[in-house]
Structures are given as C-alpha cells and as structure tokens.
Amino acid sequence: MSATRRRPRGSRSRELHPTPPAEAARGPALSRREFLRTGALAGTGLVIAFHVPALAEAAQASAGKAAFAPNAWLRVAPDGAVTVIIARSEMGQGSSTGLAMLVAEELHADWRRVRIETAVPAPQYGNMSTGGSRSIVSMFEPLRKAGAQARLMLVAAAASQWKVAKDACRAENGEVLGPGGKRLSFGALANAAGKLPVPENPPLEDRKDWHLIGTSPARLDGPVKVDGRAVFGLDVKVPGMLYAAIARSPVFGGKLGSFDGAKAQLVPGVRRVAALPGQGVAVFADSTWAALKGREALTVQWDLGALGALQSADISKKFAELARQTGPVARKEGAGAAAVDAAARKLEVVYEAPYLAHATMEPMNCTAWVKKDSAVVWVGSQNASGVQETTAKLLGLPPAAVTVHLELLGGGFGRRSREDFVTEAVEASRLAGAPVKVVWTREDDIQHDVYRPATYHLLRAGFDAGGAPVAWHHRMVGPGIIAQFEPRVLERNGVDPSSTDVAENLPYAFPNLQVESILHDPGIPVWWWRSVSASQNAYVVESFLDEVAAAAKRDPFELRRELLRAKPRNLAVLEAAARRAGWGAPLPAGRGRGIAAVECFGSFVAQVAEVEVAAGGAVRVKRVVCAVDCGTAVDPDQIVAQMESGIVVGLSAALHGQITIDQGRVAQANFGDYPLVTMAECPVIEVELVPNGGEPGGIGEPGLPAAAPAVVNAVFAATGKPVRKLPLAGA
C-alpha cells in the first residue's frame with residue numbers, strides 16, 4: 001500500500017506544541033534532573049517509571065514517595081498536559097514524535113495535550129545513544145509499557161473515587177470515562193493516581209485497537225523550528241561565554257610544533273591564544289568571527305608525522321595488493337571460492353568506493369563550562385551518555401558531576417556520535433576558566449571529519465555449463481570501525497562486522513558463496529556514516545549482481561526474483577518496487593532503469609531508478625521508486641520522509657561524493673568541491689510502504705544503500721557499461 005496520512009483522534013492542526021521541546025538551561029538554572037526530582041517530591045503530577053530493582057533504593061532516596069521513579073518516561077500535570085521524556089537525539093528524523101506516539105497510544109492521551117522533553121543523561125535512562133536506526137526499535141515496547149502503566153493507574157484512581165469496578169471504566173482521549181456518563185480528566189486524577197502502586201507488567205493494547213500508531217500526526221518539534229524557538233547547539237548562549245576557534249594539524253596524526261600568536265592577539269575581540277592539550281592552538285574571543293579572524297592570523301609550525309606524503313593513489317594501490325591475498329572468512333556456503341575456480345565460466349571484476357564526509361547541515365559545535373567540581377555541556381550529540389562519560393573521564397570527575405544538555409541536532413549521520421569536538425570545548429573551557437563555545441567552519445567540518453571508509457572489492461562469479469550462476473566470491477579490503485576501539489571483536493574470526501553488512505548476509509540463494517574481509521588502516525580516521533558499510537557493500541553487491549545477470553543473459557529483476565524465492569519479505573518489496581516503476585516498459589533512447597534490493601537494520605528496501613545518459617556521458621536521475629517493509633509503521637509520513645532523505649544522501653554519494661587525500665591532507669574543503677545533490681538535480685521520488693504487522697525495523701538508514709546501485713545499474717542498462725568506481729562524476 002502507499003503511505004497514508006491519517007490524522008489521529010483529537011488532532012486539529014499543526015500547532016500542537018506551544019512550548020519548546022527542549023528548554024536547555026542557560027547558565028546556573030535548575031537542571032532537568034533537578035526539575036524531575038523536585039517535581040516528583042512536590043507532588044505536582046503523576047510520574048510513571050519502570051520498576052528496576054537495582055535502582056529502587058536510590059530512586060526512593062531521590063524521589064521520596066515516588067517508588068516508581070527510576071525510569072521516568074512520562075509526566076501528567078494537574079492541567080492534563082502529558083510530557084513524554086525523550087532519551088534519544090532528535091536530529092530531524094522525527095523520532096521524538098514517534099516515541100511520544102508510543103506512550104500516547106497506550107495512555108489514550110489527547111494528542112493535543114502531549115509535549116516532549118529531552119532527558120538529561122542519568123542512570124534511569126540507560127544508554128542515551130542514537131544510531132543504528134534503533135530509536136523506535138529499542139523503545140517500542142518500553143514506552144508503550146510506560147503509557148499502559150499510567151493508563152491503568154489513572155483508571156484505578158477514577159474507579160476508586162467513583163466507587164465502581166475498574167472494568168466499568170476506560171481511558172479515552174485524555175479522560176477516564178465511567179458508568180452513567182461520569183468522566184474525569186487525567187489532570188484531575190494525577191495526584192490520586194500517583195499514590196497507587198505501579199503495575200509491573202500491564203497488558204498492552206491489541207494492534208487492532210490502535211488509534212494513533214499508524215497515523216501521521218503533526219510533528220511535536222515542528223512549530224518551534226518554524227517560529228525560531230528551537231534550540232540547536234549553535235544557538236546556545238551562556239553569560240560570560242567566550243568563543244574559540246582551533247587551528248588543527250592539516251595532516252592526520254600531525255602534532256603541534258610551535259606557534260606565534262602575536263598577530264592574532266591584535267585582532268579586535270581576541271582575548272587569548274593558547275595551545276590546547278592534544279588538539280592544536282585555540283584562539284579565544286568575544287565572537288565567533290573574531291576567533292576565526294584570529295585563527296587566520298596565527299603562525300603555526302606542525303610536525304606532520306608519518307602521513308605527510310600520503311596520496312589517495314597510495315591507499316588504492318595498497319588495497320589492490322591486499323585483495324590478491326586470502327583474507328579472514330566472514331561467511332562460507334557450499335564449496336565457497338573453490339566453486340568459482342572449478343566453474344565452467346568465470347567473471348572477475350574490481351569495485352572501489354571512496355572515503356566520504358558527513359557534511360551535516362550544522363557544522364560541529366559544543367559549549368562547555370568547566371567549574372571547580374563539576375561541568376556543564378550544551379551540545380547537539382547522538383550520544384549524550386558518551387558526552388557525559390568522556391567529559392567526566394577527561395576532568396577526573398564522577399559522571400553525575402557532568403550535566404549534559406542535549407540540544408536539537410542539525411543533522412547527525414553518525415558524525416555526532418563521536419566526542420572529538422566535545423573534548424575540544426571541554427579542554428578550552430578548562431583552560432579559559434569560563435564557558436567556551438567552539439564552532440567549526442564548513443572547511444573544518446570536511447577536512448577534519450571522521451570519514452566513511454574507502455574500500456576495495458574483488459568479486460568473482462562462477463557459471464555452470466548452461467550459463468546459470470552457481471558461485472559467488474567477494475573479498476573486500478578497507479579499514480574497520482569497531483576494531484579501532486574494540487580489538488576483541490576480531491578474536492572470533494578476524495572479521496570486523498562493521499565492514500561486512502549486506503555482503504556477509506547476502507540474501508541471494510547461491511549454492512556456493514564466500515565472503516572475505518581484509519582489514520587495513522591507512523591512517524585516515526573513519527567512523528559511522530549513515531548506513532555504515534551497507535552504503536558501500538550494497539553498491540558493490542547489487543551492481544555486480546547486474547553484471548552476473550548480463551553474463552547469464554538474464555533480466556536483473558527476474559534473476560533477483562529467482563534467487564530470493566526463499567526470502568518472502570525481500571521478494572515482496574522487490575516486486576512492489578518493480579511493479580510501481582513499470583519494470584519492463586519501453587524507455588526512450590538514452591534512458592535506462594536499474595533495480596537494487598537491500599536488507600539492513602531490520603528493514604527491507606528495494607529501489608528502481610530511471611536515468612538519462614547524455615551523449616557526453618552526463619547522468620541525470622529522473623525518477624526513483626522505493627518500496628519499504630519496516631514492520632510496524634509507527635508514523636507513515638516520517639517513514640516516507642526518511643526514505644526520501646536516505647535516497648537523496650545516497651544520490652549525493654553516487655553522483656558526487658568523494659574525499660581524496662593529497663600529501664596527507666583532505667583535498668576537499670566546502671560544497672564547491674564536495675557537492676551534495678541540489679534541488680534542481682533531485683529526481684521525482686515515490687515511496688510505497690509494503691504492509692507487515694511485525695516488530696518495527698530501523699528506518700533512518702535503510703533508505704540510503706539501494707540508491708547508488710539502482711542508479712549505476714540504470715546507467716549500465718542505458719549504456720552497456722558497468723560503473724565500478726564511484727562517484728559517477730569522476731568515474
């Protein structure tokens with residue numbers, strides 16, 4: 001079915017959120033943690049939490065009568081407003097609204113009275129990291145349970161007041177209804193409900209009775225983003241705050257030699273110039289502009305280290321050498337690689353994927369205030385818990401002494417799960433003895449990123465005497481991500497799983513299959529990038545599969561159908577995408593269609609791209625059709641938006657994206673030489689949701705991986721020439 005846009009009960013307009021979703025403290029004001037604690041003690045409403053035995057004693061000490069306080073996920077105020085506590089980062093993906101929907105569904109809240117508030121990292125919220133498309137997936141049951149607990153307690157409070165059986169009452173749209181037309185608002189019942197025991201395992205609503213999940217209400221963070229009240233990291237201002245710009249080594253791994261800050265000190269507004277431990281040279285000033293101008297005036301000598309002569313060609317050459325060696329085996333079926341050697345006919349090719357920068361809309365920034373025995377950090381981060389832990393470790397403080405105000409994020413894509421820019425701000429504040437805001441420029445952001453790994457792929461296929469493909473062998477080379485900080489991940493089989501997604505779990509039914517992964521780190525820092533290794537590996541395996549189809553003289557869609565016959569969910573989305581795209585219908589000369597299907601992050605996606613190839617080789621993507629099965633669709637509009645977003649990022653990578661290394665330096669600096677897809681380039685995008693009542697799968701990342709292979713397969717169909725190296729602009 002296509003995505004629906006139903007309104008939930010009680011939804012009237014887009015103006016559903018009259019107060020900002022995250023009112024971060026500006027200076028020494030009451031923290032959210034203190035607010036939650038004192039609010040519970042004051043009895044101003046009903047606070048619902050899960051009972052965690054290990055935390056019960058601490059919860060009672062800090063929350064008085066609130067025996068259920070350890071994991072507070074919602075609050076019902078005396079005026080009936082329902083506040084849902086969000087312990088995940090909102091970076092534009094809409095998960096804060098989706099998470100609130102889970103609570104409101106089971107609570108039977110009036111959606112017009114639902115608010116959201118961002119949590120401050122604390123033990124009761126667990127690990128506040130946002131990545132891997134896990135926000136809805138990880139909280140789907142816990143937040144519904146929180147809402148169900150509250151509903152049962154409110155109903156019990158009403159039944160007690162009316163002296164009727166609980167079964168004679170029900171919650172509906174922010175009220176409890178009873179026999180004879182009786183009704184009480186949630187707000188009127190809040191204090192009484194707060195005195196009742198918390199049911200530990202409340203029954204959850206049957207799916208057939210859902211009234212909110214599966215609809216698309218107005219986003220709760222929408223109004224404040226429209227009217228300017230929304231607070232992003234760049235918006236934070238603290239009294240007495242200084243601004244800092246940091247000069248960093250232009251070569252990865254380089255270290256500070258010496259510097260002269262005399263000219264920088266002459267720039268109006270510059271207060272101080274100092275070496276920042278392990279970072280570079282910091283210029284402190286009264287404004288961002290003054291700090292940046294002061295940085296320009298610095299004279300700095302760098303010890304460039306071992307990578308000062310490194311070139312992209314050197315990296316590719318080393319990868320190619322390693323690809324001719326046998327590597328650790330991630331997966332083997334049947335005779336594996338030996339079946340290719342024994343095949344009647346063979347196909348062998350090489351694919352390459354480049355380093356990519358994250359290029360978030362909002363460059364990296366962080367504000368920190370290091371005090372004598374505590375610290376406060378204001379930041380847009382994907383890992384608020386990591387910010388707290390990193391800051392505490394750096395300063396030698398207990399985590400509880402570090403307050404992290406999690407601001408809205410202007411894009412994350414994995415970049416904001418790293419704490420390097422946080423460390424800079426914390427060190428700068430400690431050095432300055434004042435609150436300090438560190439702001440990166442776009443050039444800083446692109447040239448000092450932690451990149452999607454570059455990878456090199458040797459692929460071989462074997463065919464039987466009749467031409468049917470019977471063997472698949474994939475050997476990849478590149479740096480691993482998990483192995484950087486957790487070497488033990490290699491102990492089982494020498495494979496870093498962050499390098500092999502989509503390739504290792506290839507769904508196609510080849511009787512003989514072998515996937516190998518050889519790790520090599522050239523020294524360029526790498527990190528999570530939207531969809532991680534699925535972005536490279538989907539391009540490689542889905543593009544090579546089209547080459548296999550051509551060699552077997554098979555239609556690429558029909559070959560996929562045959563190889564997916566034992567995978568009904570994969571097959572259903574493949575067929576849905578092909579059907580909607582009109583697969584097989586004739587196209588004008590110079591046009592081609594390409595198809596790709598990817599399973600990742602618990603969801604299934606297939607895309608068909610239609611491209612036009614000009615006489616000179618320029619590629620224009622005209623249309624992309626996407627089918628997605630993500631299990632339960634909590635908010636269909638948001639799923640469509642995330643598919644569209646992932647496709648656009650995937651197209652940017654396919655058409656333009658590459659980071660190249662010249663003498664140890666990133667050659668690209670801004671959107672002039674690291675372009676993203678423009679609105680004029682953006683094709684028509686159609687998204688179809690394939691219904692499935694299963695548990696929800698991830699949605700923030702799965703839309704991206706199929707975009708590049710669908711496009712290059714369309715180019716292959718139009719020209720007869722496979723695209724084995726990205727981006728298309730440089731192929």
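The values are calculated or read from the model by the stated rules, or taken from the named source; none is laboratory data. Computed from a prediction, not measured in an experiment: that's the story for all the values here. Heads up, the Cβs are rebuilt from the backbone with ideal geometry, glycines too, and the neighbour counts pull from every protein chain shown. Side chains included, ligands, DNA and RNA excluded: accessible areas come from the protein's heavy atoms. Shrake-Rupley method; radii C 1.70, N 1.55, O 1.52, S 1.80 Å.
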Shape parameters for segment 211-357, alpha-carbon atoms, Rg then Dmax in Å: 26.6, 75
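How long is the gain from residue 195 to residue 313 if the chain were fully straight, where each residue apart is worth 0.36 nm and the alpha carbon distance is subtracted? Write out the running numbers ahead of the final one.
On the way: separation 118, 0.36 × 118 = 42.48 nm, distance 6.89 nm.
Roughly 35.6 nm would be gained on extension.
How charged is the neighbourhood of residue 605? Take every other residue with its Cβ under 14 Å from the Cβ of residue 605, and add Lys/Arg as +1 and Asp/Glu as -1.
Details: positive: 530, 560, 567, 569, 580; negative: 501, 542, 575, 599, 629, 644, 686, 688, 701.
Every neighbour counted, the sum reads -4.
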Leading residue at positive end of dipole, the chain (Cβ point charges), from 645, 374, 343: 374
Reachable lysines from residue 437, criterion Cα separation under 21 angstrom, eight or more residues apart if same chain: 237, 293, 371, 372, 393
Dimensionless Rg/Rh of segment 125-269 - Kirkwood Rh, Rg from C-alpha atoms: 1.25
Under Karplus coefficients 6.51, -1.76 and 1.60, residue-wise ³J(HN,Hα) of segment 493-507 in Hz, glycine/proline x: 9, x, 10, 8, x, 6, 9, 10, 4, 6, 6, 5, 9, 3, x
Calculated over segment 594-731: convex hull of Cα atoms, volume per residue (Å³): 122
Partners for residue 721 among lysines (Cα-Cα distance below 17 Å; same-chain residues under 8 apart left out): 553
P(r), alpha carbons of segment 68-191 - 5 Å bins starting at zero, rounded %: 2, 12, 22, 22, 17, 11, 7, 5, 2, 1
Cα-based reach from residue 567 at 22 Å (exclusive), listing lysines while leaving out same-chain residues under 8 positions away: 332
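Run the helix sum for the chain: -39,500 (n - 2.57) per DSSP H stretch of 4+ residues, divided by residue count, reported at 222 nm to the nearest 500 deg cm²/dmol.
Helices in the chain give a 222 nm mean residue ellipticity of -9000 deg cm²/dmol.
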Residues whose placed amide H lies under 5 Å from that of residue 276, excluding near-sequence neighbours: 281, 282
Simple label model, 7 Å out from Cα along Cβ direction - residue 320 to residue 338, nm: 3.1
Interchain or long-range residues, amide H under 5 Å from residue 516's placed H: 330, 474, 475, 476
Surface accessible to a 1.4 Å probe, residue 575 within the full protein complex, Å²: 50
Cβ-based charge dipole, segment 89-194, positive-most Cα from 179, 122, 98: 179
Compactness relative to 2.2 N^0.38 Å, alpha carbon Rg of segment 206-284: 2.01
Cleavage-rule hits (GluC sites (Glu not before Pro)) in segment 466-534: DSSP loop, at most 15 neighbouring Cβ within 10 angstrom: 491
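Given +1 on the Cβ of Lys and Arg, -1 on the Cβ of Asp and Glu, and no further charges, what dipole in debye does segment 113-188 carry about its Cα centre, rounded to the nearest 20? All intermediate terms of the calculation are to be shown ahead of the outcome.
Values: 11 positive and 5 negative charges, 34 e Å.
Computed charge dipole of segment 113-188: roughly 160 debye.
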Largest-first principal axis extents, alpha carbons of the chain, Å: 82, 72, 48
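Just how large is the dipole of the chain about the Cα centre, in debye to the nearest 20, putting +1 at every Lys and Arg Cβ and -1 at every Asp and Glu Cβ? Each step should come with its number before you reach the end.
On the way: 79 positive and 72 negative charges, 229 e Å.
Magnitude of the dipole: close to 1100 debye.
Which order do you get for 488, 144 if you rank them by accessible area with a 1.4 Å probe, largest at the top? It would help to have the intermediate numbers written out before the result.
Details: 488 155, 144 25 Å².
Descending order: 488, 144.
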Solvent exposure ordering (accessible area, 1.4 Å, most first) of 112, 271, 460: 271, 112, 460
Average Cα contact separation per residue, the chain, under 8 Å, 6 or more apart, as relative contact order %: 14
Integer Hz, Karplus 6.51/-1.76/1.60 couplings in order for segment 424-433, x for Gly and Pro: 4, 5, 5, 4, 5, 5, 4, 5, 7, x
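Which values, in whole Å and largest first, are the semi-axes of the equivalent ellipsoid of segment 256-332 obtained as the square root of 5 times each eigenvalue of the Cα gyration tensor?
Details: eigenvalues 379, 41, 24 Å².
Gyration-tensor ellipsoid for segment 256-332: 44, 14, 11 Å.
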HN-Hα J in Hz across segment 447-453 - Karplus 6.51, -1.76, 1.60, θ = phi - 60°, x for Gly and Pro: 8, 10, 7, 10, 9, 5, x
5 angstrom amide H check on residue 381, placed H, neighbours 5+ away: 407
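Kirkwood Rh over Cα pairs of segment 129-198 into Stokes-Einstein at 4 °C, 1.567 mPa s: D in µm²/s?
Working: Rh = 13.2 Å.
Rounded, D is 98 µm²/s.
Please figure out what share of the DSSP beta bridges in the chain is antiparallel and state it in percent, rounded to the nearest 5. Could the numbers behind the result be given before it?
Numbers: 86 of 116 bridges.
Counting only bridges with both partners in the chain, antiparallel ones make up about 75 percent.
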